[in-house]
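Worksheet for the structure shown next.
The values are calculated or read from the model by the stated rules, or taken from the named source; none is laboratory data. Please read all numbers here as calculations on a predicted model, not as lab measurements. Here the Cβ is made from the backbone with ideal geometry for all residues, glycine too, and neighbour counts use every protein chain on show.
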Amino acid sequence: MSLMHDNAADGSPATASSDASITVIEGIEVAAFTTVVERLRAEYPALPTTRIEAVLMREWEAYTAGRPLVVPVAVEAGVRELLDQA
């Protein structure tokens, strides 16, 4: 799993915490999926968006082991509805 930008000579992450598109949740820097795809598309214009998204999803799954870091509140509400029916 490569969580570092390949071109980062100093080993720093590809994004900087001063980037307004980055939010910190439970101590982890996060950015919207579409924002990350846009940044990667700009950096790798020869690659199709579907390839970038597929690699991003594989990296996400490797990083999180399939466990979400955040859950949309609407999902929580949906879980309540299902649990209430049980």
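Tabulated data
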| item | result |
| --- | --- |
| Only one of Glu81, Glu29 that is under 17 Å from the mean Cα position of the chain (by Cα) and either at pLDDT 90 or above or of a type in the set (D, E, K, R) (or both) | Glu29 |
| Selection count where residues are surrounded by 10 or more Cβ atoms within 10 Å (Cβ to Cβ) and either in a loop (DSSP other than H, G, I, E, B) or not aromatic (Phe, Trp, Tyr) (or both), scope segment 35-75 | 27 |
